[in-house]
Amino acid sequence: MVADAIKLMLFPALMAFAASSDLLTMTISNRVSLILAGGFFALAVFGGMGTTEILLHLGAGGVVLLLAFGFFARGWIGGGDAKLAAATALWLGFDQLLNYLVFASLFGGILTFAIIRFRLMPLPSALANQEWAKRLHRMDAGVPYGIALALAALMIYPDTPWMKPFGM
């Protein structure tokens, strides 16, 4: 019963937290990725996932971590985004990885376009005193890509083996 509650709540809640944190502060805490990794291993071990499957999920997370840190090194994404993508890949495994990356890319493109449009317009007066909005509106600011990563993860999560017992 506890494992079911964790499956239903931990991953979605951390994705929502990461997205909102990235929007409001342009950072994703290392704790989010660490809790995601710890949660995965706890559920995998206590949920009866086989060693081979755990290693495959670990491989998916490792591949994404290497690629994402390459993107980080080039300044294309932030370090928190790289760690969030890797922790997400750990949960999704290779079975859902391509779908996740496609959705993250599409949502990231839409998000980037929307933020560029937002930055070209005057900041609405209702947001003028909001630090997060002023930061997001600056032309030299980055894009909170964690929003796209989290949204893509939430789109894919119902199709994972974690959710199959719930009829999703």
Review point. How much of residue 35 can a 1.4 Å solvent probe reach, expressed as accessible area in Å² and rounded to 10?
Key: 80
Review point. Once a ≥ b ≥ c are taken as the square roots of the eigenvalues of the Cα gyration tensor of the stretch 56-117, is the result rounded (a/c under 1.5), prolate (a/b larger than b/c) or oblate (a/b not larger than b/c)?
Key: oblate
Study note, to complete from the structure: For the stretch 119-134, in residue order, the Karplus 3J(HN,Hα) values (coefficients 6.51, -1.76, 1.60; θ = phi - 60°; whole Hz; Gly and Pro = x) are 6, 7, 9, x, 5, x, 4, 5, 9, 4, 9, 8, 4, 5, 6, 5
Exercise for review: May I ask for the net charge around residue 158, where only other residues with Cβ less than 12 Å from the Cβ of residue 158 are counted and Lys, Arg are +1 while Asp, Glu are -1?
Suggested key: +1
Practice item. Would you mind pulling out the separation of the Cα centroids of the stretch 5-21 and the stretch 26-79, in Å? Key: 15
Exercise for review: Return the ratio Rg/(2.2 N^0.38 Å) for the chain, where Rg is computed over Cα atoms only.
Suggested key: 1.09
Review point. Hey, what do the phi angles of the stretch 95-102 turn into as Karplus ³J(HN,Hα) couplings, whole Hz, using 6.51/-1.76/1.60 and θ = phi - 60°, x for Gly and Pro?
Key: 4, 10, 5, 4, 4, 4, 5, 5
Study note, to complete from the structure: When the chain is treated as a Gaussian network with springs between alpha carbons less than 10 Å apart, the largest mean-square fluctuation among 16, 87, 141 is found at 141
Point to revise | Within a Gaussian network of the chain (alpha carbon springs, distance under 10 Å), most fluctuating of 120, 58, 154 | key: 120
Point to revise | Heavy-atom accessible area per residue - the chain, 1.4 Å, Å² | key: 55
Review point. Under 19 Å Cα-Cα from residue 7, which lysines qualify once same-chain neighbours fewer than 8 residues away are excluded?
Key: 164
Review point. Which order do 112, 52 take by accessible area at a 1.4 Å probe, largest first?
Key: 52, 112
**Study point:** the chain: most fluctuating residue of 146, 79, 70 per GNM, C-alpha cutoff 10 Å
**Key:** 70
Exercise for review: Determine the share of the chain's accessible area contributed by carbon and sulfur atoms, expressed in whole percent, with a 1.4 angstrom probe.
Suggested key: 71
Point to revise | Accessible area, probe 1.4 Å, largest first, for residues 131, 53 | key: 131, 53
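The values are calculated or read from the model by the stated rules, or taken from the named source; none is laboratory data. On a predicted model such as this, the values are computed, not experimentally measured, just so you know. Because the Cβ atoms are built from the backbone with ideal geometry, glycine has one as well, and the counts that use them run over all protein chains shown. Protein only, heavy atoms only, side chains kept; ligands, DNA and RNA dropped before computing areas. Shrake-Rupley method; radii C 1.70, N 1.55, O 1.52, S 1.80 Å.
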